[in-house]
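Reviewing the structure listed below.
The values are calculated or read from the model by the stated rules, or taken from the named source; none is laboratory data. All values derive from a computational prediction rather than experimental measurement. Cβ sites come from the backbone with ideal geometry, for glycine too, and all protein chains shown count toward neighbours. These accessible areas exclude ligands, DNA and RNA; they are computed on the full protein's heavy atoms, side chains included. Shrake-Rupley method; radii C 1.70, N 1.55, O 1.52, S 1.80 Å.
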Amino acid sequence: MDNNHESFWRHNSRAVPGKTVAAATVKKSQTTFQDFQESVRDAWELGDDEFCIMSGIGDGRSGKRTAGASAALTVKTHRSNLSASRVEAKTSPPAAQQASAPRTNHRQDSNNVPDDLINELTLVDDTTSRERGSSEPRKRYRQFHTYPGRPQLLKLSSSSLSKDENNESKLEKFTVLLEEPLLNLIALKQLSWSGIPKKMRPVTWRLLSGYLPTSLERRNSVLERKRLDYHKLVSQYFPVDSRDEAQQDTYHQIHIDVPRMNPHVPLFQQHLVQEMFERILFIWAIRHPASGYVQGINDLVTPFFIIFLQETLDAKVELETFKLEDLGEEQRNIIEADSFWCLSKFLDCIQDNYIFAQLGIQAKVNHLKELIQRIDGNLHKHLVQHGVDYLQFSFRWMNNLLTRELPLHCTIRLWDTYLAESDGFAVFQLYVCAAFLLHWREQLLQERDFQGLMLMLQNLPTHNWTDSQISVLVAEAFRLKFTYADAPKHFEGKS
């Protein structure tokens with residue numbers, strides 16, 4: 001073990017009577033997250049531990065929460081002791097080094113990818129550290145979790161959410177499809193896979209999620225009925241029953257998590273907006289008792305909320321600073337109800353991600369590990385040799401569907417493809433995560449210790465990404481799925 005790696009673990013391990021510091025040091029051969037957590041378990045509060053359930057520590061309620069922040073807190077503790085120059089050297093390599101570094105060939109096997117998805121990918125380097133929230137405790141929770149890698153939602157104006165508005169041919173194709181008396185859903189999915197024009201996105205998302213029927217004649221009546229059904233649920237469950245301890249706990253956690261979302265964007269700090277999110281999340285949790293509310297689902301409401309809010313506004317309105325109180329109550333109710341139903345439909349195929357202990361995500365993380373081992377043995381070996389477990393970084397990718405790794409407009413573009421996946425996006429997302437990890441291959445191979453790798457993986461420089469990078473990402477994911485999904489020994493690890 002190199003000195004830097006050893007000093008990291010010494011810094012984050014507490015002396016225990018009867019044990020030496022050396023005994024608390026993690027050995028290089030220990031690569032499971034359980035070993036990682038056991039060695040640094042005092043680096044975060046037990047009551048706030050996002051991985052408690054996986055190690056048998058703490059109660060079940062805290063164990064069901066998202067995994068990403070716990071490892072990030074450990075890295076943050078170490079990062080505070082690094083010199084500014086070293087952090088800068090790790091996160092922003094010299095320009096000459098960036099220019100000479102080989103890049104991933106995203107055009108490989110392009111015959112398997114739709115032509116309009118092949119674009120030139122420009123790598124972007126992050127030269128600034130992302131601002132982190134306060135770590136002051138509040139009861140047994142933290143006032144603000146640190147979410148490294150969570151980009152600020154910049155430029156939420158309508159002009160930034162889509163770059164294909166000049167594609168009149170595609171707009172015309174969508175118009176023809178959507179006006180058919182009986183929608184050809186397969187054709188709509190095929191057309192939507194490579195991106196949906198902004199003005200067509202609200203109705204298309206409703207259709208692709210299964211919220212709206214394919215019959216044009218029935219759509220208005222279904223919308224009216226489902227919106228009424230949602231607001232009956234609101235009247236039934238609000239205010240929260242003070243006699244039901246489980247409901248109180250669920251609502252309390254939601255009430256804490258919602259203000260944490262995008263603290264630098266005025267739109268999401270408005271009381272009306274936060275109340276809408278709280279109602280959506282609480283009713284979803286009540287209707288899905290097998291999982292209940294899990295931290296991270298709150299992020300998945302945001303794209304739907306933004307799309308349906310934008311639908312009601314003039315194209316020139318800046319969403320970041322828009323005051324929701326300027327909308328009428330009826331319009332606000334429509335946005336809330338539609339966001340709820342689309343979220344519910346969207347999560348149906350990945351509900352096992354959020355059940356007790358989030359076993360679905362743990363399985364997907366193992367699949368990702370085995371997939372990378374097959375695709376790029378050198379990268380896999382590099383991560384393992386430096387003690388990086390896939391669970392430490394990819395759990396958040398799976399749990400939040402990359403919403404904390406990408407700017408909002410990129411998430412929206414990515415979800416065009418997710419919603420268009422004919423067999424649901426649960427399987428396809430695995431390949432998106434694999435393509436996402438492989439995209440940073442060269443930078444990761446340049447990191448020579450655990451600290452550098454974790455800082456890189458927790459703060460991937462995507463803040464300047466556009467729709468073109470997402471198009472390349474899903475194209476590469478499509479190629480990987482086409483190549484590996486039907487392989488007989490696809491998920492058989494190599495020794």
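3J(HN,Hα) couplings calculated from phi for region 237-243 with the Karplus curve 6.51 cos²θ - 1.76 cosθ + 1.60 (θ = phi - 60°) are, in sequence order, 9, 10, x, 5, 5, 5, 7 Hz; Gly and Pro show x. Please give the Cα centre distance for region 300-323 versus region 165-229, rounded to the nearest Å. First find each Cα centre; the distance between them is then 19 Å.
As a calculated quantity, the FRET efficiency between D249 and C349 at R0 = 25 Å, using C-beta atoms, amounts to about 0.40.
Computed from phi, the 3J(HN,Hα) profile of region 378-391 under the Karplus parametrisation 6.51, -1.76, 1.60 (θ = phi - 60°) reads 5, 5, 4, 4, 4, 5, 5, 4, 9, x, 8, 8, 4, 4 Hz, with x in place of Gly and Pro.
For S215, nonlocal amide neighbours, meaning residues 5 or more places apart or on other chains whose placed amide H falls under 5 Å from its own, are L183. I'd like to know which of L438, T321, Q310 lies farthest towards the positive end of the charge dipole of region 297-447, counting +1 on Cβ of Lys and Arg and -1 on Cβ of Asp and Glu. Farthest towards the positive pole: L438. Across region 298-438, the relative contact order, built from alpha-carbon pairs under 8 Å that are at least six residues apart, equals 25 percent. At a probe radius of 1.4 angstrom, the accessible area of region 291-349 per residue rounds to 35 square angstrom. For the pair K232 and N464, what calculated FRET efficiency results from E = 1/(1 + (r/R0)^6), where r is the Cβ-Cβ distance and R0 = 35 Å, to the nearest 0.05? My answer for the efficiency is 0.20.
Using Cβ point charges alone (K and R +1, D and E -1), the dipole size of region 201-335 about the Cα centre works out to roughly 540 debye.
Within the accessible area of region 239-293, the carbon and sulfur atoms contribute 51%, probe 1.4 Å, all protein chains present. For region 354-387, the residues whose backbone nitrogen is under 15 Å from a point 7 Å from the Cα of R448, taken along Cα to Cβ, are 386.
At a Förster distance of 51 Å, what's the computed FRET efficiency of E168 paired with N366, Cβ-Cβ distance as r, to 0.05? Show your work: numbers first, answer last.
Working: r = 46 Å, r/R0 = 0.90.
It comes to 0.65.
With the simple model of a label 7 Å out from the Cα in the direction of the Cβ, E224 to A187 spans 2.9 nm. Placing a pseudo-label 7 Å from each Cα along the Cα-to-Cβ vector at V203 and T175 gives an inter-label distance of 1.1 nm. Each residue of region 292-301 was assigned a 3J(HN,Hα) from its phi angle through the Karplus expression (A = 6.51, B = -1.76, C = 1.60, θ = phi - 60°), giving x, 7, 10, 4, x, 5, 4, 5, 7, 6 Hz with x at Gly and Pro. For region 341-495, the Cβ-based charge dipole about the Cα centre amounts to some 200 debye (Lys, Arg positive; Asp, Glu negative; other atoms uncharged). Shape call for region 377-495 from the C-alpha gyration tensor, a ≥ b ≥ c root eigenvalues: rounded (a/c under 1.5), prolate (a/b greater than b/c) or oblate? Oblate.
I'd like to check one number: the per residue accessible area of region 378-495, probe 1.4 Å, reported in Å² as a whole number. Present the calculation step by step, with values, prior to reporting the outcome.
Values: 3110 Å² over 118 residues.
Here the per-residue accessible area is 26 Å².
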